[in-house]
Amino acid sequence: ACPEFVAQDTLSFDAGARRYEPGALNLAGICGMGASLRLLLDCGVEAVGTRILELRRYFVERLRARGYQLYLDEWDRRAAASDAERSGIITVQRPGTDMKAVFVRLKTSGVTASLRRNRAGATMIRFSPHFYNTEEEFERAVAMM
């Protein structure tokens, strides 16, 4: 378990054979995964990856203009020459800002994000955009931040 999505320093497992017990198969999840894979393959994996990175650049540019910093911003700027090292996931914070209040504002307005905290206790907001998101959705999210 990872309380508040913070990786634990040590893992603890149940004693005995129970540690290998997988539980019930998630049949609905398996069917959904199959449909998701078909969609990605039909659209083309390369096209999906290109679109995700285009949207990421668009969103990050607007967030930085509002004073938000990427969590690993220094690494991201160094990796600027290589999109191969990036994903669509964007985690941000802004000094002097109540990130929990920003998260609540986004959530009550229908923007899907995740409130995260690092081991030092800093609160951040994590976005996981995908190829089907639009620039207009990002503009709406930024306007609320």
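List of remarks:
- Counting only DSSP H runs of at least 4 residues, each contributing -39500 (n - 2.57), and dividing by the residue count of the chain, the helix-based mean residue ellipticity at 222 nm comes to -14000 deg cm²/dmol.
- Ordering of 48-56, 61-69 by packing [mean C-beta count within 10 Å, highest first]: 48-56, 61-69
- Rounded, prolate or oblate (a/c below 1.5 giving rounded, otherwise prolate when a/b exceeds b/c) for the chain by Cα gyration tensor: oblate
- Among the chymotrypsin sites (Phe, Trp or Tyr not before Pro) in the range 109-145, those located in a DSSP loop and surrounded by at most 14 other Cβ atoms within 10 Å of their own Cβ are Tyr132.
- The range 21-145 - percent of accessible surface contributed by carbon and sulfur, probe 1.4 Å: 56
The values are calculated or read from the model by the stated rules, or taken from the named source; none is laboratory data. This is a predicted model, so every value here is computed, not measured. In this analysis, Cβ positions are derived from the backbone assuming ideal geometry, glycine residues included, and neighbour counts consider all displayed protein chains. Areas reflect the complete protein model, heavy atoms only, side chains present, ligands, DNA and RNA absent. Shrake-Rupley method; radii C 1.70, N 1.55, O 1.52, S 1.80 Å.
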